[in-house]
Amino acid sequence: MTKPKTVRLTAGDRTFYICINAFLIFIGVVIAIPMWSTITLSFRPNHFIGTNFEGMFLPIWKWDTSAYEALLGNAGFVSAFWNSMKIMVFGVITALFLTVPMAYCMSVTDLPGRKILNTFVLIPYLFNVGMIPTYLVVQNLGMIDHLAAIYLPGAI
């Protein structure tokens, strides 16, 4: 039985892997520190006196959940969360319902009127008309004060 051959790393390969690992560790720290700061900020007591740096190392037994109690106890939060869920669900359903047939029509090369359809899809996609024309369209369609006004204009 023969011994399998192994690939030996050169000095350049080792240096490359050390640099890549150092860069990835640096990126991880750059991401982790603000996340930890945000988490500890949300659990700091209202009467905390100290710097943000001291607050990041506040012991767990001194954390306070009063901010979360105030947030979850507010009726407006429940309403906003429910509206967000409705916008997400109906927005995904509407976008899929409109874009899947559009993608099929654009993928069929011998479809009559394909170039016109491409033009009608690509021009608004590339050039955003702005907020005021979008508002006027929503107003003319009678969708003011409806959740559909949020997800329907950008459905395709």
Accessible-area value, residue 123, 1.4 Å probe, nucleic acids and ligands omitted, Å²: 90 Å²
Kyte-Doolittle at least 0.5, axis length at least 15 Å by Cα - qualifying DSSP helices, the chain: 11-43, 75-107, 114-126
For Kirkwood radius over Cα pairs in Å, calculated from these coordinates, the label among (i) 16.2; (ii) 22.6; (iii) 17.0: (ii)
Per residue solvent-accessible surface (Å²) - region 9-93, probe of 1.4 Å: 79 Å²
Sequence of 8, 114, 44 when ordered by accessible area, the most exposed leading, probe 1.4 angstrom: 8, 114, 44
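Computed FRET efficiency, Cβ-Cβ of residue 26 and residue 65, R0 30 Å: what is it to the nearest 0.05?
Working: r = 33 Å, r/R0 = 1.10.
The calculated FRET efficiency here is 0.35.
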With every protein chain in place, the chain: carbon and sulfur % of accessible area (1.4 Å): 72 percent
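Is region 24-99 rounded, prolate or oblate when judged by the Cα gyration tensor, a ≥ b ≥ c being the square roots of its eigenvalues, rounded requiring a/c under 1.5 and prolate requiring a/b larger than b/c?
Judged from the Cα gyration tensor, region 24-99 comes out oblate (a/c at least 1.5, b/c at or above a/b).
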Farthest positive-ward along the chain dipole, Cα basis, beta-carbon charges - from 137, 59, 75: 59
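The values are calculated or read from the model by the stated rules, or taken from the named source; none is laboratory data. Predicted model only: the values in this text are computed from it and were never measured. Methodologically, a virtual Cβ is constructed for each residue, glycine included, from the backbone with ideal geometry; neighbour enumeration extends over all protein chains shown. Side chains included, ligands, DNA and RNA excluded: accessible areas come from the protein's heavy atoms. Shrake-Rupley method; radii C 1.70, N 1.55, O 1.52, S 1.80 Å.
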